[in-house]
1. Which pairs do you get when a residue that is within 15 Å of residue 306 (Cα to Cα), found in segment 70-82, comes within reach of a residue that is open to solvent by 40 Å² or more (accessible area, probe 1.4 Å), reach meaning Cβ atoms under 6 angstrom, with the pair 6+ apart or on two chains?
2. Could you list all residues from segment 72-129 that are assigned to a helix (DSSP H, G or I), of a type outside the set (Asp, Glu) and open to solvent by 20 Å² or more (accessible area, probe 1.4 Å)?
3. Spot the failing condition for residue 207; the list is (1) of a type in the set (Ser, Thr, Tyr); (2) modelled with pLDDT under 70; (3) part of a helix (DSSP H, G or I), and only one is missed.
4. For residue 288, are the conditions met, namely being in a helix (DSSP H, G or I), at pLDDT 75 or above and open to solvent by 80 Å² or more (accessible area, probe 1.4 Å)?
5. Looking at segment 163-189, which of the residues that are over 18 Å from residue 77 (Cβ atoms) and open to solvent by 70 Å² or more (accessible area, probe 1.4 Å) is modelled with the highest pLDDT?
6. Of everything in segment 292-301 that's at pLDDT 75 or above and under 19 Å from the mean Cα position of the chain (by Cα), which residue is surrounded by the fewest Cβ atoms within 10 Å (Cβ to Cβ)?
7. Can you give me the number of residues within segment 65-90 that are over 13 Å from residue 179 (Cα atoms) and not hydrophobic (A, V, I, L, M, F, W, C)?
Amino acid sequence: MNKPNLSVVVPVFGAEACLPSLHKRLKVVLEPLSKDFEIILVEDGGPDASWTAIEEICRKDPKVKGVKLSRNFGQHAAITAGLERAAGDRIVIMDCDLQDRPEAIPLLYAKALEGFDVVQARRTIRNDRIHRRLASRVFYALFGYLTETRQDASIANFGIYSQKAIRAVLSMRETLRYFPAMIRWVGFRSAVVDVEHGTSSNRRSSYTVGKLIRLALGVVISFSEKPLRLVVKLGFSISLLSFVWALALAVRAAVIRQSVAGWSSVIVSIWFLSGLIIFVLGVVGIYVGKVFEQVKHRPLYIVETSLNAGGDENPS
């Protein structure tokens with residue numbers, strides 16, 4: 001097969017039932033766009049038989065590459081594994097549950113041909129449940145505030161990217177991966193295309209509330225030091241208020257000649273300041289922990305096996 005002009009990277013987790021339909025719809029969409037394309041399915045240690053379905057698809061279609069990770073490393077590590085094996089001049093990233101509609105790829109591709117390195121899909125009407133839409137808005141609002149960047153809750157991984165932009169993202173070797181923030185950080189000429197949000201299959205999302213909270217915390221710590229600056233401001237504000245209050249007590253004792261008695265207020269103050277100190281140490285400790293994880297230089301993922309992919313090499 002010639003060097004592909006177009007690559008499609010799909011992280012797969014618990015999507016056994018979706019894969020045949022996804023493959024069929026991708027073939028219908030990609031064949032008119034380019035004769036030389038590839039589909040890379042990265043199985044991220046899911047609980048079902050997704051890898052068996054990928055094996056069957058790879059046997060029937062040599063243009064499909066299958067990559068099986070040794071365990072669940074997370075969606076964005078799986079995306080990285082796919083990107084490092086994508087050879088196309090343009091690379092599409094999409095989810096496996098068909099909410100990212102393959103039929104939207106021609107719109108993204110046409111926009112990319114206008115000279116854009118990054119073309120992201122903006123979902124006009126999201127078909128997620130209301131609690132997931134609300135959680136997404138809260139996450140992006142908090143993330144935008146703490147990183148001092150503009151965030152759009154209707155834009156996720158789905159989009160088409162030039163090989164140049166993807167290589168820039170892959171040069172970032174952070175252990176905590178979050179593709180939307182990374183592609184925005186590297187820059188390049190970008191555009192947004194409005195697309196229809198597909199109806200999800202019966203597949204249950206792998207992102208539980210706990211995972212979403214951990215992802216949000218990790219992403220904020222990885223991409224911003226603003227929490228540390230907020231803690232410094234909080235400490236300074238408390239010190240200033242304490243000084244003003246102490247001055248007021250001194251004036252009251254000198255003018256009115258009345259001292260303020262009250263062990264309760266002293267104990268409450270001690271508890272408050274002790275809790276604040278522990279909180280500050282915790283924030284600093286999280287940053288130190290992330291540095292500790294990074295300096296160990298462990299691989300971002302480990303490949304167990306691969307099909308039609310020219311080997312099952314792992315990253316350095």
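The values are calculated or read from the model by the stated rules, or taken from the named source; none is laboratory data. Being a predicted model, the structure only gives us computed values, none of them experimental. A quick note on method: Cβ atoms are made from the backbone with ideal geometry, for glycine too, and the neighbour counts reach across all protein chains shown. Protein only, heavy atoms only, side chains kept; ligands, DNA and RNA dropped before computing areas. Shrake-Rupley method; radii C 1.70, N 1.55, O 1.52, S 1.80 Å.
1. Qualifying pairs under 6 Å: 70/302; 70/304.
2. 75, 106, 107, 109, 110, 111
3. Failing condition for residue 207: (3).
4. yes
5. By that ranking, first place goes to 164.
6. 299
7. Here the count works out to 11.
Let's see how each residue does on (1) part of a helix (DSSP H, G or I); (2) basic (Lys, Arg); (3) surrounded by 14 or more Cβ atoms within 10 Å (Cβ to Cβ); (4) without any contact (Cβ under 8 Å) to a residue 40 or more places away in the chain:
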site: 17; (1), (2), (3), (4): no, no, yes, no
site: 20; (1), (2), (3), (4): yes, no, no, yes
site: 28; (1), (2), (3), (4): yes, no, no, no
site: 35; (1), (2), (3), (4): no, yes, no, yes
site: 39; (1), (2), (3), (4): no, no, yes, yes
site: 45; (1), (2), (3), (4): no, no, yes, yes
site: 54; (1), (2), (3), (4): yes, no, yes, no
site: 58; (1), (2), (3), (4): yes, no, yes, no
site: 62; (1), (2), (3), (4): no, no, no, no
